[in-house]
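What follows is a set of notes on a single structure, which appears directly below.
The values are calculated or read from the model by the stated rules, or taken from the named source; none is laboratory data. Since this is a predicted model, take the numbers as computed values, not measurements. Note that each Cβ is placed from the backbone with ideal geometry, even for glycine, and that neighbours are counted across all protein chains shown. Keep in mind that these areas ignore ligands, DNA and RNA; they rest on the heavy atoms of the full protein, side chains included. Shrake-Rupley method; radii C 1.70, N 1.55, O 1.52, S 1.80 Å.
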Amino acid sequence: DSSSQSNLRGFDENIAIDIITKTKLHKVQTNHTIDSVQGIQHIPPLMASMTSLYLKTPIHSTRLPNTHLKLSNVSPNSISFTHNPTRNPTRIPTRIRCGLIEPDGGKLVDLVVPTSKRDVKKKEAMGLVQVKLSRIDMEWVHVLSEGWASPITGFMRESEFLQTLHFNSLRLGDGSVVNMSVPIVLDIDDGQKDRIDATGATSVALVDSEDNPVAILNNIEIYKHNKEERIARTWGTTAPGLPYVEEAITGAGDWLIGGDLEVIEPIKYHDGLDHYRLSPSQLRAEFEKRNADAVFAFQLRNPVHNGHALLMTDTRRRLLEMGYKNPVLLLHPLGGFTKADDVPLSWRMKQHQKVLEDGVLDPENTVVSIFPSPMHYAGPTEVQWHAKARINAGANFYIVGRDPAGMSHPVEKRDLYNADHGKKVLSMAPGLERLNILPFKVAAYDKTQQKMEFFDPSRPQDFLFISGTKMRTLAKNRENPPDGFMCPGGWEVLVEYYDSLAASDSDRVPEPIAA
């Protein structure tokens, strides 16, 4: 009520934390970022008023399941909070168990049919109306099948689609909320809809480009595909030239079909990189094998330079100082659709391997794996998806930098998104409260030290910022960057890639490729 709101407004942040803890309306780390080696230090100043809101809201509409109350992703040291100074200090025991963060919904989804039933499902699929999958559709089948989007069990029905577009989250049957910021949908055209309607089918077969059955979509629901609304709400603009829109939406059908997936066999690409494509369950097994008590994820779609490496190694140092014994890095390059001027996945993986071989990152505490999602370049909206998917893979810390998932405006000469909004949105996003957000420190080339270092604003003249465009230009011209910018082996791979373009019949950059 208004009186409780007035009283809370004068409380300090520790009291707000204590109220939330004791009422179990949420966990201690409500939408925070970690900015110091001391652990959870910066609780938003509006916590007191947020607490008042929680107290005024019916519990059933905000409470998350018990799995969200486990503080498995903060410092393993016991934490104590102090009440109002007029009362005796009270210690709240919060000894944290070492273990991986639980997936969204409490259980990792696995939509791949058991081996013993695959022949039966293939035969069943042959008798169903067929829907042909595009390259990007196949990537989404891969994502769904392995549980990256848990607890989603198939292509979105209309209720899930609308919640994703309007709330960037899904409310589950038990009242809990999970993040979901990008639509995972399958389009069909008028002809396909008519064929399905004519048969009264409740299931359809999803087939690849050669008509091989890939999956069965059950308990289907068909609804209108409002492309303009989808584009506007996902990207914040309908300007022409958005890569994913042009590839997957502009020419798509006017209907969407949702349902529950049964994926007949694990998705494989046979491109020599499948051994890098670890599913969330495989990654969790690997982290447990390495006795990881914290997992920090770093997504990238570009070659790794020493500035990236500095950020990753410094993050591990900070986690060790927080009390973790064996934090493990998940180096997780995106492997699905990318825009035309991004370095193709095969070359990026070759470069990443050189970074490990040259000792820039320690293989003992680094897991390199491919994230199979296609890339939207949808900035703060998409970065939520990237973070949410890593929760399902077992990561409880997520490194976020400048303009994550962003791109230049396709028409105007400016960035499409504010460079700081991605990390700010992650710190507030619904359903991501369990994930610790680790903002980048700004790294640049220190000319006095001849290596990548964190930028020191007191001596800006000593630092050189090497943009991605500058890096590509140097590699294309076979020029070397300053010593210490990238490991020699990694740079050689990048030069080799651009040499391969120059040797082709034209100078055009290859079309985006699937992983």
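Solvent-accessible surface of segment 375-515, averaged per residue with a 1.4 angstrom probe and all protein chains in place: 45 square angstrom. Centre-to-centre separation between the Cα atoms of segment 101-175 and those of segment 399-437: 26 Å.
Less than 5 angstrom separates the built amide H of residue 131 from those of 205, 206, 207, all sequence-distant by 5 or more or on a different chain. Checking every one of the chymotrypsin sites (Phe, Trp or Tyr not before Pro) in segment 409-479 against DSSP loop status and a limit of 12 other Cβ atoms within 10 Å picks out 465. Ignoring any ligand, DNA or RNA, what whole percent of the accessible area of segment 358-510 comes from carbon and sulfur when the probe is 1.4 angstrom? Here it works out to 48 percent.
Hey, any idea what % of segment 192-231's accessible area is carbon plus sulfur with a 1.4 Å probe? About 40 percent, which is the carbon plus sulfur part of the accessible surface. Restricting the GluC sites (Glu not before Pro) of segment 331-428 to loop positions (DSSP other than H, G, I, E, B) with no more than 10 neighbouring Cβ atoms within 10 Å leaves 412.
The solvent-accessible area of residue 286, taken with every protein chain present and a 1.4 Å probe, is close to 50 Å². For segment 155-300, the Kirkwood radius over C-alpha pairs fed into Stokes-Einstein at 4 °C and 1.567 mPa s yields D = 72 µm² per second. Once C-alpha pairs closer than 8 Å and six or more residues apart are averaged by separation and normalised to the residue number of segment 400-462, the relative contact order reads 25 percent.
Restricting attention to segment 381-462, lysine pairs at least eight places apart or on different chains and with alpha-carbon atoms under 21 angstrom apart total 5.
Take the Cα of residue 122, go 7 Å toward its beta carbon, and the backbone nitrogen atoms of segment 253-296 under 15 Å from that spot belong to 263-268. Here the contact order of segment 338-455, divided by its residue count and restricted to Cα pairs under 8 Å and six or more residues apart, works out to 20 percent.
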